[in-house]
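The structure under discussion appears below in the form of structure tokens.
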Amino acid sequence: MPPVRSRDCSTSASSRISSARPCAAFSRSELVRKLCLHCREAYEPTINERRQIEKYVTGVDKLYRPKGCPRCKNLGFSGRLGIYELLVPDDSLTERISAGATLHELRDLARKAGMKNLRHDGIDKVKNGVTTMEEIYRVTA
């Protein structure tokens with residue numbers, strides 16, 4: 001059986017679930033620029049940055065920003081990195097979709113089931129010093 005692509009799924013959530021060929025999972029990905037590991041510069045996050053990050057993760061003491069060096073051609077970035085989100089509907093989510101749940105309810109159920117959205121995955125990478133908050137906001141806005 002060939003893989004099901006999102007364009008193969010109908011637009012109505014309830015018809016996706018009840019169709020002969022339901023979607024087993026939904027995924028989304030974006031590319032962000034990766035900080036150059038040779039010249040990235042550590043700094044203490046501002047109060048606003050700390051507040052934004054702590055919505056998703058805790059314990060952020062330092063962040064990194066691009067600086068620039070000959071290895072990265074003075075850009076501060078070298079390469080790209082993917083950020084991802086994946087939703088695999090379980091039985092309770094499938095039932096709520098069939099019952100006509102609102103988007104807000106579905107997001108809450110997905111979060112409770114452990115789904116990380118793009119921004120959450122990106123902020124994990126910011127915390128690990130791989131990319132910047134600006135990059136995450138650029139692709140998740």
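Brief remarks follow.
- Among the listed pairs Lys62/Lys112; Lys73/Lys127; Lys62/Lys127; Lys34/Lys62, a Cα-Cα separation exceeding 19 Å is found for Lys62/Lys112; Lys73/Lys127.
- Over all orientations, the stretch 6-140 has a Cα convex hull whose mean projected area works out to 9.6 square nanometres.
Rule-based calculations on the coordinates, nothing more; no lab input. Just so it is clear, the model here is predicted, and its values are computed rather than measured.
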